[in-house]
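Take a look at the structure set out below.
Nothing in this text is a laboratory measurement; each read-out follows from the coordinates by a stated rule. Just so it is clear, the model here is predicted, and its values are computed rather than measured. Positions of Cβ are generated from backbone atoms using ideal geometry, with glycine treated the same way; all protein chains shown enter the neighbour counts.
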Amino acid sequence: MSEHLYTYINPPNEKDLKRICHTLEQDGIIALPMDSNWAFCWDPTSKKALQKLEKIKPTKAEHNPFSIICADLSMAATMVQIGNSEYRLLKRILPGPFTVILKSQPSLPKRLHDKRKAVGIRIPNEQITRDLIQFWDRPLVATSIPLDTDNQIIQMGYQVFELFGHGIDMVVDIGEELPGGETTVIDLTTEDIEILRIGAGDISLLD
């Protein structure tokens, strides 16, 4: 049975963090707030978690690739290649509602079972999510939660639980409403910044 876990921040409840990590270790899928929207998250090495996800969000990964969620830039640098110019830009826009596509590190396929040469990185401006990943001590992978049955954006944790509690293992909720917008997606795999989608992230920060 899925669990709707109400927790808090400043400081985070360590007992709750351990509980969430235990769920991840048991091939669980958790719903986490991501500053602009809710996302399903799981341990990228768990095949069972991915099989669960396919039942509640059957979109193929190649059509809607998963993002890697990191706690900070130091963790992100173990997943993707970040040069000096990329680092300066990322310092301006992250944490925040951006998905940044970068060339993957050579070690990524082995560590995360992901063979893509470029992957999307997120560092959300959501304290509970970053605290959890820091506590977990390695990245999670994530995909955005689908719209509800009326094609409306889901903004509250209780809505996530009501709609998807049958298929996931835990909703991590601090009781706040999220805006429900998409992230701004930028591609940094070439010399020029390419904006692939304008969303909640302020593109003026890219100048």
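Annotations for the structure displayed:
- Unit charges on C-beta of K, R, D, E only; dipole of the chain, Debye: 900
- Membrane-span-like helices of the chain, defined as complete DSSP H segments with a Cα extent of 30 Å or more along the helix axis and a mean Kyte hydropathy of at least 1.6, are absent.
- Base-10 log of normalised Debye intensity for segment 1-100 (one unit scatterer per alpha-carbon) at q = 0.12, 0.24 Å⁻¹: -0.51, -1.42
- Taking only the Cα atoms of segment 70-169, the ratio Rg/Rh comes out at 1.02, with Rh defined as the Kirkwood radius.
- Counting only Cβ charges, +1 for Lys and Arg and -1 for Asp and Glu, the dipole size of segment 73-149 around its Cα centre is about 440 debye.
- Residue exposure sequence - 32, 50, 205 - by fewest surrounding Cβ within 10 Å: 205, 50, 32
- Rg over Rh for segment 146-206 works out to 1.12, using Cα positions for both radii and the Kirkwood form for Rh.
- Peptides 121-130, 167-176 ordered by average Cβ neighbours within 10 Å, highest first: 121-130, 167-176
- Look at the dipole of the chain built from charges on Cβ: of 151, 10, 84, the Cα furthest out on the positive end belongs to 84.
- When you restrict to C-alpha pairs under 8 Å that are six or more residues apart and normalise by the size of the chain, the relative contact order lands at 33 percent.
- Rg then Dmax, both in Å and based on the Cα atoms of segment 1-60: 12.5, 37.
- Averaged over residues, the count of other Cβ atoms within 10 Å places the peptides 94-105, 13-24 in the sequence 94-105, 13-24, highest first.
- Residue order, fewest to most surrounding Cβ atoms within 10 angstrom, among 80, 160: 80, 160
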